[in-house]
Amino acid sequence: MWITIRIILLGFERIFGKILTKNSSPIISAWGFFGFSTLMFLPFINYLSFDIIKVSLISGTIYSFSFFLYMYALSKEDVSVVAPLYNINAIFLIFISFLFLSEKITIQKIVGSILMIYGVSYLKKEKSISSSYKNILKSKGALAMIISSLLMAIGRVVDGFLTTSFNKLGYSLGVYLIITIYFFTVSLLSHKNVKVHIDYTKKNIIYLLLGGFCNAYAYFALLMAFKYMDVSIAEPVSMISALVSVLFSYIFFKEKIKVRIFGTILLISGAFVIYL
């Protein structure tokens, strides 16, 4: 039940994120999206402590860059491209964990990574595989999402070091609070006043609330799912949300998804091979 809730919320999250980036700068949309996500975490504010906030500065800084690029990617590229690329952090995690956590790189992980990389070629499909990858690299949105996924993988490793002695909900709120402060500060310096924040909120209040809810409680659902299933199952199953986002992108934005569905399935299959 909890993992199904997570899949649906993540599926909708990218749709609302795409809507929020329309006719707005990525930094303002990032502030709005993650600012309202932080508000949705307020029921868990009793888990927050000063020690958590201090520790959250590290991962919060990494995730700020990652999530800004995520919103930038949504503003520049189709949801049916961004959503699958969101999941390639699984590949980066293999090599980062090998370098910093001394985890082994197995044949299974290599096969899964190759399957995922091959799946990426279907997101900007051309007659040849090389041309398909060139299309991906030419897209500012797709390239931004790839870098975002790399930073996300680094953030996940940092989380592993920092969260062993902290409540995860309190830590999540701390990280989101740091991210929101960063985005607000940068957007304020960029636009020189808060009027743009107020106008943006008035214009997009419904989508900000819905997007913030989906973003925050998708993570909460994952934590709840961990009580009933192993991480090695929950993580790849969660990636099915990319397929949900791709289907929603056709319904809401009429994106061309026929070939991309197959690429997304390959990416998800590769993730299962890696984790299982």
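Derivation of every value follows stated rules applied to the coordinates shown; laboratory data play no part. Bear in mind the structure is a predicted one, so any value in this text is a computation, not a measurement. Ideal geometry is used to build each Cβ from the backbone, glycine not excepted, and the neighbour counts take in all protein chains shown.
At what distance in nm do the modelled label points of GLU103 and ILE129 sit from each other, each positioned 7 Å from its Cα along Cα→Cβ?
Reported label-point gap for GLU103 and ILE129 is 2.5 nm.
Note down the relative contact order for region 143-276 as a percent, whole number, built from C-alpha pairs under 8 angstrom at least six residues apart. Present the calculation step by step, with values, prior to reporting the outcome.
On the way: 32 pairs, mean separation 24.1, N = 134.
With pairs under 8 Å counted, the relative contact order is 18 percent.
Work the Kirkwood hydrodynamic radius out for the chain: mean of 1/r over every pair of different alpha-carbon atoms, inverted, in Å. Spell out each step's value before the answer.
Details: mean 1/r = 0.0528 Å⁻¹.
Computed over Cα pairs of the chain, the Kirkwood hydrodynamic radius comes out at 18.9 Å.
Suppose every K and R has +1 on its Cβ and every D and E has -1 on its Cβ; what is the size of the dipole of the chain about the Cα centre, in Debye to the nearest 20?
Numbers: 25 positive and 11 negative charges, 173 e Å.
Once rounded to the nearest 20, the dipole reads 840 debye.
Answer with one residue from PHE183, TYR200, THR164: the one whose Cα lies farthest towards the positive end of the charge dipole of region 2-275, charges on Cβ with Lys, Arg +1 and Asp, Glu -1.
TYR200
Could you give each residue of region 21-29 its phi-based ³J(HN,Hα) in whole Hz, using Karplus coefficients 6.51, -1.76, 1.60 with θ = phi - 60°, and x for Gly or Pro?
8, 5, 6, 8, 6, x, 5, 5, 5
Quick one: Kirkwood hydrodynamic radius for region 76-195, alpha-carbon pairs, angstrom, one decimal?
With all distinct Cα pairs of region 76-195 included, I get 16.8 Å.
Each residue of region 245-250 in order: what ³J(HN,Hα) in whole Hz does its phi give by Karplus 6.51 cos²θ - 1.76 cosθ + 1.60, θ = phi - 60°, with x for Gly and Pro?
So the J values, rounded to whole Hz, are 4, 4, 5, 5, 5, 6.
I want to verify the translational diffusion coefficient of region 156-232 in µm²/s; compute it with Stokes-Einstein, Rh as the Kirkwood radius over Cα pairs, at 20 °C and 1.002 mPa s. It would help to have the intermediate numbers written out before the result.
Numbers: Rh = 15.0 Å.
Translational D for this selection: 143 µm²/s.
Using r as the Cβ-Cβ distance of PHE50 and LEU189, and R0 as 35 Å, what FRET efficiency do you calculate, to the nearest 0.05?
On the way: r = 26 Å, r/R0 = 0.75.
My answer for the efficiency is 0.85.
Give the distance, in whole Å, between the Cα centre of region 207-258 and the Cα centre of region 4-60.
Taking the Cα centre of each part, region 207-258 and region 4-60 sit 14 Å apart.
Can you work out D for region 131-276 in µm² s⁻¹ from Stokes-Einstein, where Rh is the Kirkwood radius over C-alpha pairs, the temperature is 10 °C and the viscosity is 1.306 mPa s?
On the way: Rh = 18.4 Å.
Diffusion coefficient, whole number: 86 µm²/s.
Which order do the peptides 67-79, 47-59, 194-206, 17-29 come out in when sorted by mean C-beta neighbours inside 10 angstrom, highest first? Provide the component values of the computation, followed by the final result.
Numbers: 67-79: 24.8, 47-59: 16.8, 194-206: 13.8, 17-29: 21.1.
Per-residue Cβ counts within 10 Å, averaged per peptide and sorted highest first, yield 67-79, 17-29, 47-59, 194-206.
Given a cut-off of under 8 Å on Cα pairs at least six residues apart, what relative contact order in percent is computed for the chain?
43 percent
How big is the dipole moment of region 48-111 about its Cα centre under a simple scheme where the beta carbon of each Lys and Arg is +1, that of each Asp and Glu is -1, and everything else is neutral? Debye, nearest 20, please.
Numbers: 4 positive and 4 negative charges, 29 e Å.
Computed charge dipole of region 48-111: roughly 140 debye.
Please report how far the C-alpha centroid of region 168-202 lies from that of region 133-166, rounded to the nearest whole angstrom.
The distance from the Cα centre of region 168-202 to that of region 133-166 comes to 21 Å.
Would you kindly derive the ³J(HN,Hα) couplings of region 212-222 from the backbone phi angles with the Karplus curve 6.51 cos²θ - 1.76 cosθ + 1.60 (θ = phi - 60°), listing them in order in whole Hz, with x for Gly and Pro?
Coupling constants for region 212-222: x, 4, 4, 5, 5, 7, 5, 5, 4, 5, 5 Hz.
For region 104-170, run through the chymotrypsin sites (Phe, Trp or Tyr not before Pro) and keep only the ones in DSSP coil with at most 12 other Cβ atoms within 10 Å of their Cβ.
When the chymotrypsin sites (Phe, Trp or Tyr not before Pro) of region 104-170 are filtered for loop state and at most 12 Cβ neighbours within 10 Å, nothing remains.
Which value in Å is the Kirkwood Rh of region 21-147 over different Cα pairs?
Values: mean 1/r = 0.0592 Å⁻¹.
Evaluated on region 21-147, it is 16.9 Å.
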